[in-house]
Amino acid sequence: MGQSILKETGSNGKTIRPFGMRDKLGYLFGDFGNDFFFILVSAFLMVFYTDIFGIHPAQVGILFMVARLWDAFADITWGRFIDTRKATKNGKFRPWILRMSIPLVVVGVLMFVHIPGMSNGFYLAYAYVTYIIWGSLYSTVNIPYGSMASVITADPVERTSLSSWRTLGGQLAGLIINVVGPMILFVNNRPSADRFILAACIFGGLAIACYLACYKLTTERITMDETAKPKVSLGKTMKGLVKNKPLISFLVLSLGFMIVFMLIGTVNVYLFKDYFESAKALSLVGLLQACAVFVAMPFINPLVKKFGKKEIASAGLLVAVVVYAVLYFLPGLSAMQFIGVLTIAMIGYGIFNLVVWAFVTDVIDYHEYLTGLREDGTVYSIYSMARKIGQAVAGGVGGIAIGAVGYQAGAAGQTAETLQGIHTLGTLVPAVVLGIVFLILVFFYPLNKKRTHQLASDLVEKRKAIK
């Protein structure tokens, strides 16, 4: 007893359309909307705080760490809340995207409001309040959005496709922000407060349009039979989570990847603005990062079918490790030469990003296999918590590290020691952390191609046996 009973029908019991391109596009728009602000914040909020608000980098790092740790536990709370709600005629997860997107965007715009002439204490307090509220509201949209993938389709290959389209959506947002952003945000190689608020308003409007498209185009197919749904038991859930080896190892490697991914985004601003003295070269990095994903995406499904998600993701990480290590030992490269070599690394970790969301649906399935409970929101929120902790560590370490190497906000130029420290943060550190993530994925994550397909088959049989 206690097994979840699921069916591929709508909430009203009627047969619904099969999975197809409409769902892929809808899911793409979800992360397109998410990342308009998430990437803007990840890439440029720190320099906004240091160079416009005048907050010390170490204080910004502490703010990022505190806010992300708060968000990590907000994710868990929201995930549990959603799992205790009954599905509506429009689904269990989609309505929350619609309800919470506008408050999220409004607070996102407020983060970039600069009131001239205020005290340092005011700017720091304003940053804490707006950033923490924005992060909490982000959970109310992102948790249902991420959880939704496991109820759009049960097929492992179709889920990989959703993962790839989600990553494509994020990359499209990243392409716009990382390419157009520096052109808007910086004037004479310095950030402009007026330009930041303009960009926030533009990207906020685009985000709302994307959230509406996600809501309209996607369909939740895997629904729980509420009459047979077992009573949610926190104890049983926690016991299943602890026994879920794929989840535990995936959380650890995701934590490491998020730390390095966020750190790269933070450090790159200073690397190009100060080390290479070309902030606008960030536009080319953003363009090539998106192009790397566009080039790799058509090959992902065929490669996953042949080799498996774990295997393909591992290969991509290994490529990135080697390239970042090479860049560390080539400090004399020009900005263009650096970017040319960096593109290979971006293809490597781009491959990992294209399949990572499909790993999440696999560990959700494994949780159901262990416990008989279908708790998409809870399991996804646990994963999101690991990402938020990674963001907290990266934000804290990034800000503290930039300060530790001697960065002086507003200075006409940085010292040679500071510039070398920034270069090390942007090359050697990613090589080491990505290497650790690679080893965890290869030696500790158990769901290779064979075991993933066996898990899907076993779940089908379990569900049939209790109908």
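General remarks:
- Rounded accessible area of ILE102 (nearest 10 Å², 1.4 Å probe): 100 Å²
- A simple count of charges around ALA412, restricted to other residues whose Cβ falls under 12 Å of its Cβ and scoring Lys, Arg +1 and Asp, Glu -1, yields -1.
- Modelled label positions at VAL157 and CYS291, each set 7 Å beyond Cα in the direction of Cβ, lie 3.2 nm from each other.
- Exposure ranking of MET346, MET100, MET336, MET118 by accessible area [1.4 Å probe, largest first]: MET336, MET118, MET100, MET346
- Shape of the range 93-192, Cα gyration tensor, a/c cut at 1.5: oblate
- Whole-percent carbon and sulfur share, accessible surface of the range 381-448, 1.4 Å: 73 percent
- Once both labels are positioned 7 Å from their Cα atoms along Cα-to-Cβ, the gap between LYS243 and PHE443 label points is 2.7 nm.
- Each label was represented as a point 7 Å from its Cα along the Cα-to-Cβ direction; for THR415 and ALA315 these points are 4.7 nm apart.
- Fully extending the segment from VAL432 to THR88, taken as 0.36 nm per residue of separation minus the present Cα-Cα distance, adds 119.2 nm.
- Taking 15 Å as the straight-line reach from the Cα of LYS239, the aspartates and glutamates in range (excluding those fewer than 8 positions away in the same chain) are GLU368, GLU375.
- Between 0 and 90°, nearest 10: helix 156-175 axis offset from the chain longest Cα axis: 20 degrees
- Applying 1/(1 + (r/R0)^6) with R0 = 22 Å to the Cβ-Cβ distance of PHE81 and LYS462 gives a FRET efficiency near 0.25.
- Surface accessible to a 1.4 Å probe, PHE19 within the full protein complex, Å²: 40 Å²
- Identified option (computed percent of Cα pairs over 44 Å apart; candidates [x] 11; [y] 46; [z] 7): [x]
- Extension gain from GLU277 to CYS201, taking 0.36 nm per residue of separation minus the Cα-Cα distance: 24.5 nm
- Computed from Cα positions, the angle between helix 94-111 and the longest principal axis of the chain comes to roughly 10 degrees.
- Over the chain, relative contact order from alpha-carbon pairs under 8 Å, at least 6 apart, %: 30 percent
- When each of LYS89/LYS449; LYS243/LYS462; LYS273/LYS388 is checked by Cα-Cα distance, pairs over 24 Å: LYS89/LYS449; LYS273/LYS388
- Net charge over other residues, Cβ less than 11 angstrom from the Cβ of TYR131 (K, R count +1; D, E count -1): 0
- Counting only protein heavy atoms and a 1.4 Å probe, the range 338-457 has 32 square angstrom of accessible area per residue.
- Mean residue ellipticity, 222 nm, helices only, the chain: the sum of -39500 (n - 2.57) across DSSP H runs of n ≥ 4, divided by residue count and rounded to 500, is -26000 deg cm²/dmol.
- Cα-centre dipole for the chain with unit charges at Cβ (Lys and Arg positive, Asp and Glu negative), debye to 20: 1760 debye
- By a 1.4 Å probe calculation restricted to protein chains, LYS273 has an accessible surface near 20 Å², given to the nearest 10.
- Helix axis angle, 234-243 relative to the chain longest principal axis, alpha carbon, degrees: 70 degrees
- Accessible heavy-atom area order of CYS214, CYS291, CYS201, highest first, probe of 1.4 Å: CYS201, CYS291, CYS214
- Shape category assigned to the range 408-467 from the gyration tensor of Cα positions, a/c cut at 1.5: prolate
- Classification of the range 128-176 by its C-alpha gyration tensor yields an oblate form. The axis ratio a/c (a ≥ b ≥ c) is 1.5 or more, and b/c is at least a/b.
- Cβ-based net charge around ILE364, under 13 Å, with every Lys or Arg adding one and every Asp or Glu removing one: -4
The values are calculated or read from the model by the stated rules, or taken from the named source; none is laboratory data. Bear in mind the structure is a predicted one, so any value in this text is a computation, not a measurement. Heads up, the Cβs are rebuilt from the backbone with ideal geometry, glycines too, and the neighbour counts pull from every protein chain shown. Calculation scope for accessible area: heavy atoms of the full protein, side chains included, ligands and nucleic acids excluded. Shrake-Rupley method; radii C 1.70, N 1.55, O 1.52, S 1.80 Å.
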